[in-house]
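Notes follow the structure.
The values are calculated or read from the model by the stated rules, or taken from the named source; none is laboratory data. As the structure is a computational prediction, the values presented were derived from the model and not from experiment. Neighbour counts run over all protein chains shown; Cβ positions are idealised from the backbone, glycine included.
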Amino acid sequence: MAKGWDPFAIDFGAIRTLRLVSELGSFSKAADALGTNQSTISYTIDRLRAAFNDKLFVRQRGGIAPTPRCAEIVECASRMLEAFEGLVQPMEFDPASASGRITIACNYYERSIILPRAIAEVRRLAPRLVLEIKAARSKGTAYLKSGEADLLIGPYDVHEESLYHRHLLDDHYVCVMHRGHRLADRRLRVNDYVDASHAVVTYGGTWRSGYLRELDERGLSLTQVVAIPSISDLMHILPATDLISTVPSRIASNIAESVVARSCPFPEPFQIGMTWTNRTYHSAAHRWLRQLVGRIARSLPYKTAPAAPSGRCGANARV
C-alpha cells in the first residue's frame with residue numbers, strides 16, 4: 001500500500017474509479033468500463049487507501065464489498081464528481097452540428113413505444129449524435145450511478161435526492177389473445193381471467209408486474225401455462241394457441257395483427273418516467289434530448305383504463 005499520500009492530491013479521476021469499483025464490485029469490471037487495465041485500477045485504489053487510511057474494499061464471496069468508510073466516501077464524493085461533470089459540459093448546443101454519444105438504459109416497452117420516434121427525430125435534427133441503447137432490467141439505477149448510462153427510461157420509482165426524475169406517460173394492463181379465442185368476444189370477469197390459460201411475461205428477471213402483485217394481494221393466482229422473458233415472444237405464441245396474456249395497453253397493438261386486446265379485470269395503472277444524474281443535468285445536449293423525449297411521450301395517444309367489472313369470484317377476492 002502506498003505510504004503518506006497527500007489526500008489533497010486526489011483528483012476527480014481517482015474518485016470516479018472508486019465510485020465505479022464500488023458500484024460494480026470488481027476491479028476488472030471497472031477497468032473494462034473505463035477502458036484501462038486492472039493494474040491501473042489497483043494502483044489508484046492503493047493511493048486512495050493511503051489517503052483515507054482505510055482498506056476501502058474487503059473480499060467477499062463472489063467479489064469485493066466496500067467498507068463502511070468507503071461507502072461514506074463514495075456517497076459524499078459522488079455528489080462533487082457529478083456536479084463537476086455537469087460544469088464541464090458545453091453550455092451551447094446546436095443539434096445540426098453536434099456530435100457525441102448518449103447512452104440510454106431502458107427495456108422492451110420503451111424501445112417499442114418511445115424510442116422509435118425519438119431516434120427518428122434525432123436522426124432528422126442531430127444526425128451526428130450517436131445513441132447507444134442498453135437493456136436496463138433491474139440495473140438501470142446502478143448504470144446511471146456508475147456512468148454506464150446517461151438516461152434511464154422505465155417504470156422505476158425514484159426517491160433518491162441525488163437523482164432527477166420526470167414523468168413521461170401513463171399506461172395500464174390489458175389482456176391479449178387470438179381473435180378466435182373463446183373469450184375474445186366478451187368482457188372478462190375475474191373468474192374468466194383467472195381460469196384461462198396464461199402466457200406470463202417475466203421480463204427475464206425479478207421484476208413482477210403490477211397486475212401480478214395485485215392478484216397476490218387478493219389471494220388469487222393465474223393458471224400459468226407458459227412463462228416468457230419478453231413481450232415480443234407473444235407475437236409468435238398467441239396466434240397459434242388458446243393462451244391469453246396481460247400486457248401494457250400501449251404495446252398491445254404491436255404484438256400481431258391476429259391478436260385482439262380486451263379490458264383486464266386488474267388494469268393496475270402505472271407510470272413511465274426518465275431519470276438522470278447531476279453529471280448530465282447541466283449538459284445542453286442531454287437537456288435537449290430529455291426535452292425531445294418528453295415532447296414525444298406527451299404526443300402519444302392514450303385511452304385510460306376502463307372501470308373494472310363488478311362480477312368477481314370467490315369470497316377472498318376482496319374487491
- Item | Residue within segment 272-284 that is more than 30 Å from SER162 (Cβ to Cβ) and either at pLDDT 90 or above or touching a strand residue (DSSP E or B) at 6+ places or on another chain (Cβ under 8 Å) (or both) present | no
- Hey, LYS145 in contact (Cβ under 8 Å) with a residue 12 or more places away in the chain and closer than 19 Å to TYR108 by Cα or not: no
- Which ones in segment 56-77 are surrounded by 14 or more Cβ atoms within 10 Å (Cβ to Cβ), more than 25 Å from the chain's Cα centre (by Cα) and more than 17 Å from ALA30 (Cα to Cα)? THR67, ILE73
- Task: Quick one: THR223 ticks every box in (1) surrounded by fewer than 19 Cβ atoms within 10 Å (Cβ to Cβ); (2) touching a residue at least 40 places away in the same chain (Cβ under 8 Å) except a single one, so which number is it?
- Result: (2)
- Among residues of segment 118-139 being surrounded by 15 or more Cβ atoms within 10 Å (Cβ to Cβ) and at pLDDT below 90, the residue farthest from ARG19 (Cα to Cα) is ARG137
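Can you confirm whether GLU161 is acidic (Asp, Glu) and either assigned by TED's automatic domain parsing to the domain that holds LEU34 or within 18 Å of ARG101 (Cβ to Cβ) (or both)? So that I can check it myself, show each step before the final result.
Working: acidic (Asp, Glu): yes; either assigned by TED's automatic domain parsing to the domain that holds LEU34 or within 18 Å of ARG101 (Cβ to Cβ) (or both): no.
Here the answer is no, as GLU161 does not meet what is asked.
Here are ILE15, ILE41, ILE10: which of them is at pLDDT 90 or above and closer than 26 Å to ALA83 by Cα?
Values: ILE15 fails: at pLDDT 90 or above; ILE10 fails: at pLDDT 90 or above.
Within the list ILE15, ILE41, ILE10, the selection yields ILE41.
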- Got a sec? Which of TYR211, TYR203, TYR193 is more than 17 Å from PRO267 (Cα to Cα), of a type in the set (Ser, Thr, Tyr) and in the same structural domain as SER253 (by TED's automatic domain parsing)? TYR203
- Query: For segment 253-267, does any single residue satisfy the condition of being under 19 Å from the mean Cα position of the chain (by Cα), small (Gly, Ala, Ser) and at pLDDT below 85?
  - Reply: no
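Is it the case that some residue within segment 202-209 is among the small types (Gly, Ala, Ser), buried (at least 17 other Cβ atoms within 10 Å of the Cβ) and out of contact with any His (no Cβ under 8 Å at 6 or more places or on another chain)? Can you show your working first?
Here is the first cut: in segment 202-209, the ones among the small types (Gly, Ala, Ser) are 204-205, 209.
Narrowing further to those that are buried (at least 17 other Cβ atoms within 10 Å of the Cβ): 209.
Retained after the next criterion (residues that are out of contact with any His (no Cβ under 8 Å at 6 or more places or on another chain)): 209.
Checked segment 202-209: at least one residue is among the small types (Gly, Ala, Ser), buried (at least 17 other Cβ atoms within 10 Å of the Cβ) and out of contact with any His (no Cβ under 8 Å at 6 or more places or on another chain).
Taking VAL122, is it over 20 Å from the mean Cα position of the chain (by Cα) and outside the structural domain of ALA31 (by TED's automatic domain parsing)? Break it down stepwise before answering.
Details: over 20 Å from the mean Cα position of the chain (by Cα): yes; outside the structural domain of ALA31 (by TED's automatic domain parsing): yes.
Yes.
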- Message: Restricting to segment 271-306, and then to whatever is farther than 22 Å from ALA142 by Cα and aromatic (Phe, Trp, Tyr), can you tell me which residue is surrounded by the fewest Cβ atoms within 10 Å (Cβ to Cβ)?
- Response: TYR302
- Residues (touching a Lys or Arg at 6+ places or on another chain (Cβ under 8 Å) and free of Cβ contacts under 8 Å to residues at least 40 places away in the same chain) located in segment 89-130: SER97, SER99, VAL130
- Item | Residues of segment 163-192 satisfying the condition of being over 29 Å from the mean Cα position of the chain (by Cα) and not aliphatic (A, V, I, L, M) | HIS178, ARG179, GLY180, HIS181, ARG182, ASP185, ARG186, ARG187, ARG189, ASN191, ASP192
- Scan of segment 34-46 for residues that are in contact with a helix residue (DSSP H, G or I) (Cβ under 9 Å, 6 or more places away or on another chain), touching a residue at least 12 places away in the same chain (Cβ under 8 Å) and surrounded by fewer than 18 Cβ atoms within 10 Å (Cβ to Cβ), ordered by number: LEU34, SER42
